[in-house]
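Values in this text are rule-based calculations from the coordinates and carry no lab data. As the structure is a prediction and not an experimental result, all values here were calculated from the model. Cβ: placed from backbone, ideal geometry, glycine included. Neighbour counts: every protein chain shown.
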Amino acid sequence: MAQIKDNLVGIDVGGTFTDLICFDSKSKSYNFTKVFTSAKNQSQGVLNAIDKASINLKKQDLIIHGTTTTTNALLERKISKTALITTKGFRDVLELGRRTRPFPYGLIADFKPLIPRNLRFEVEERIDFKGNVLKKLNESELLKILKKIKELNCESIVIHFLHSYANSYHEVKAKNLILKNWANKYVTAGHEILSESREFERGVTASINASVQPILENYIYDLQQRLRNNGYKKELLVMNGNGGTVSSKIVSKEAAKTVMSGPASGVIAATYVSKLSKVKNIITYDMGGTSTDVSLVVNNKPAVSSETEIEYSMPVHVPMVDVRTIGAGGGSIAKINEAGLLEVGPESSGSDPGPICYGNGGKNPTISDANFLLGRLNPESLNIKENIKIKEDTKSILENEISKKLKLNNYQSAEAILKIANNKMANAIRMVSISVGEDPREFNLFSFGGAGPMHACELARELDIPKVFIPARPGLTNALGCLVADLRQDFTQTLNISLEETNIKNLHSILEKFKSDGVSLIKKQKVEIEKFYLEFSLDMQFLGQTHIIKIPLKDAKPSKNFINKEFENIYFKRFKVKLEKILPIIVNINVSVIGKRKELDLKKLINFTKNEKISYRKVYFNGKWHRTPIYLRENLFPKFKQNGPAIIEQLDTTIVIHPKDNFFVDDFGNIIIEIYND
């Protein structure tokens with residue numbers, strides 16, 4: 001594969017830090033920086049990172065940007081005031097949902113739909129599930145509703161009609177009429193975002209798009225202006241949740257697709273790095289300050305799901321990298337619950353005041369404090385000075401809050417905290433692997449994030465995973481994901497017909513049309529593409545079932561026999577049962593078009609320096625203190641081999657290698673740890 005010859009900048013904006021990686025094509029070298037994210041305006045944090053890295057924007061050929069703008073807006077409910085217009089009789093679909101409850105027990109629960117009832121309106125129109133028009137759209141009634149929406153000072157509108165996936169005629173007509181009488185362009189027709197059955201999921205997804213569209217567009221416009229004023233004239237790409245990128249010029253049209261793009265970029269980087277190192281199957285494990293994200297990558301292909309749920313009753317049914325998140329990070333708080341048991345998370349101490357060992361006034365024991373007391377964290381790596389008070393405060397609080405109540409010493413309590421946290425993270429990994437029929441023992445654990453490499457060995461041992469893979473820059477992996485991500489367009493259409501009754505030529509024509517549309521959209525973006533990859537699949541189920549299974553197709557012209565056999569095989573692998581007398585149903589047709597960019601040289605992610613000086617300190621493992629060598633990552637050249645225990649320190653993380661585990665450095669500067677199991 002050809003090497004990239006452009007100067008590139010990858011920028012990932014996280015909740016706490018904005019990370020930047022810059023690639024210089026002439027020297028094949030990298031520049032890194034990390035600054036605090038600007039809470040009021042993320043684009044200012046982006047410019048701060050560019051300034052700190054001393055990047056001349058006039059000399060850059062491409063900037064790829066990952067943002068949490070839409071994700072944070074949804075989670076914090078800081079969204080645009082949005083009105084919904086739906087089919088008469090279906091005003092409360094967003095609230096009724098799937099007849100579930102926020103909490104499985106108790107009679108009282110609090111749930112607020114994305115769009116409140118006073119902003120949801122009904123209009124007379126009706127199309128059936130076959131696409132037949134039963135009642136024409138009442139245009140005069142629609143204009144009266146629009147007048148009310150204007151009086152309520154709404155900024156955005158979503159049109160969500162029943163069965164628009166089968167026939168979008170009324171939604172298109174309503175949108176055109178509204179745009180002629182509406183002050184802005186923020187009008188989302190549900191079928192444009194998700195042409196799929198199930199009115200609840202389609203309605204919520206369209207509502208998410210409408211409610212974050214103005215926010216994303218304003219942010220991107222502001223960022224573009226700031227970049228332009230500083231001399232940047234080229235294309236700006238934005239990460240999507242599907243792991244691909246899209247031009248900033250069109251990204252806000254489908255704003256919902258940028259949700260969860262942060263975790264996705266980490267998975268894309270992990271896939272890219274492991275493929276270069278000829279490792280096919282990995283479980284990505286990204287542990288940060290407040291949470292842990294895990295995902296499955298089989299044969300260098302990340303798992304992609306169209307059934308992501310951001311929080312209770314907020315499904316986003318567009319293709320996204322399948323990432324599971326749990327509340328376990330370095331700042332997760334450990335406490336004794338009412339039953340007298342030790343629990344860890346999901347509450348976090350955050351960055352202010354943070355863990356006790358940060359010395360900023362933290363009063364709650366955390367995972368980081370446990371690592372600190374066990375000698376695994378160097379005070380200098382926490383940006384604090386070694387002093388007796390911080391150690392004494394950490395010991396004192398842990399003893400009063402945890403140790404005395406459990407009748408353990410502080411070191412036993414610290415190990416117990418880590419054990420519980422590791423078990424929680426192990427369960428998340430089981431959810432992305434065993435629950436879909438994959439054996440984690442056949443994978444490598446690809447560990448990154450600021451805290452991930454500290455826990456990876458114990459986590460792998462718990463799951464019988466044979467090897468841990470630590471990339472060259474664990475704490476900057478998401479920014480690297482922006483740098484290496486390809487362009488991508490996804491398409492879905494509901495068919496909802498038995499395989500037996502399917503017109504196979506019609507199915508082929510839909511696949512070909514989506515392929516053509518995707519290639520055309522990517523070609524319009526001013527980015528050099530080396531070649532196109534196509535992914536075809538079907539969402540299928542047996543007659544009478546609710547949940548669907550994705551069936552990959554080899555090309556755009558599969559036979560019915562091939563589809564049937566693939567469905568039976570994948571269903572059996574997942575559930576270990578055959579249902580030969582029940583009809584298979586094709587629910588949805590899916591096509592992904594991927595514009596593959598040229599390969600990036602990763603061999604200079606670490607600037608190696610020859611310095612064989614090794615320091616030592618006592619580190620607590622399995623109930624004992626061990627005299628442990630402390631290495632600097634820059635001193636570990638490719639082919640370096642050593643046995644554990646060991647601590648490896650670098651700018652963006654600390655790597656903890658347990659006794660009897662072996663590790664070596666590969667040609668790209670990645671560290672491979674071989675896990676010892678009795």
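Treating the beta-carbon of each Lys and Arg as +1 and of each Asp and Glu as -1, no other charges, what is the dipole magnitude of segment 77-214 about its Cα centre, to the nearest 20 debye? Kindly include the intermediate steps, with their values, before the conclusion.
Values: 25 positive and 16 negative charges, 47 e Å.
Magnitude of the dipole: close to 220 debye.
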Cα-based helix-to-principal-axis angle, 388-398 vs the chain, degrees rounded to 10: 60
Magnitude of the charge dipole, the chain, Cβ model with Lys/Arg +1 and Asp/Glu -1, debye to 20: 960
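Ranked from highest to lowest mean number of other Cβ atoms within 10 Å per residue, what is the order of the peptides 264-271, 534-541?
Working: 264-271: 29.0, 534-541: 20.1.
Peptide ranking by packing, descending: 264-271, 534-541.
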Exposure proxy order (Cβ contacts within 10 Å, fewest to most) of His658, His626: His626, His658
Order of Leu152, Leu142 under a 10 Å beta carbon neighbour criterion, fewest first: Leu152, Leu142
Cα gyration tensor shape for segment 614-677, rounded if a/c is under 1.5, else prolate or oblate: oblate
Degrees, to the nearest 10: 169-180 long Cα axis against longest axis of the chain: 80
Alpha-carbon centroid distance for the pair segment 291-370 / segment 619-645, whole angstrom: 27
Matching label, volume of the Cα convex hull per residue in Å³ computed from the structure shown, candidates (i) 194; (ii) 173; (iii) 154: (ii)
Net charge, Asp92 excluded, C-beta distance under 14 Å - Lys, Arg +1, Asp, Glu -1: +4
Partner lysines for Lys405 [C-alpha distance under 28 Å; skip if fewer than 8 residues away on the same chain]: Lys335, Lys363, Lys389, Lys391, Lys395, Lys419, Lys424, Lys618, Lys624
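Could you order peptides 187-194, 583-590 by the average number of other Cβ atoms within 10 Å of their residues, highest first?
Most protected by this proxy first, the peptides run 187-194, 583-590.
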Leading residue at positive end of dipole, the chain (Cβ point charges), from Gln224, Ser211, Met320: Gln224
Gain upon complete extension [Glu338, Thr325; 0.36 nm per residue less C-alpha separation]: 2.1 nm
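Which of rounded, prolate or oblate describes segment 127-218 when judged by the alpha-carbon gyration tensor and an a/c cut-off of 1.5? Before the final figure, lay out the partial values.
Working: a/c = 2.25, a/b = 1.26, b/c = 1.79.
Oblate shape, in that a/c is at least 1.5 and b/c is the bigger or equal ratio.
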Coordinate range along principal axes, alpha carbons of segment 418-471, Å, largest first: 29, 24, 17
Inter-probe distance in nm under a simple model that places probes 7 Å from Cα toward Cβ, at Asn607 and Leu583: 6.7
Simple label model, 7 Å out from Cα along Cβ direction - Arg77 to Val436, nm: 3.2
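Determine, from the Cβ-Cβ distance of Asn635 and Ser396 and an R0 of 30 Å, the FRET efficiency 1/(1 + (r/R0)^6), rounded to the nearest 0.05.
In this case the efficiency is close to 0.25.
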Taking Ser516, Ser305 and counting other C-beta atoms within 10 Å, the order from fewest to most: Ser516, Ser305
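Using the Cα centre as the reference, give the magnitude of the dipole from point charges on the C-beta atoms of segment 241-367 (Lys, Arg: +1; Asp, Glu: -1; all else neutral), rounded to the nearest 20 debye. List each step's numbers first, then the result.
Working: 10 positive and 11 negative charges, 137 e Å.
About 660 debye.
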Long-range HN-HN contacts of Ser29 with modeled amide H, under 5 Å: Asp24
Cα→Cβ-extended label distance, 7 Å offset, between Glu309 and Lys524, nm: 3.5
Peptides ranked, highest mean first, by Cβ atoms within 10 Å: ranges 154-167, 553-566: 154-167, 553-566
Relative contact order [Cα under 8 Å, 6+ residues apart], the chain, whole percent: 12
Amide H partners (placed H, <5 Å) of Val318, local residues excluded: Thr308
Among Leu459, Asn662, Val246 - extreme Cα towards positive end, dipole of the chain, charges at beta-carbon: Val246
Calculated FRET efficiency for the pair Tyr676/Lys596, C-beta based, R₀ 51 Å, to 0.05: 0.85
Helix 139-151 axis, angle to the chain major axis (alpha carbon atoms, nearest 10°): 40
Greater than 26 Å apart at Cα, pairs in Lys81/Lys147; Lys26/Lys249; Lys130/Lys180: Lys26/Lys249; Lys130/Lys180
Efficiency of FRET between Phe562 and Asn427 - r from beta-carbon atoms, R0 30 angstrom, step 0.05: 0.25
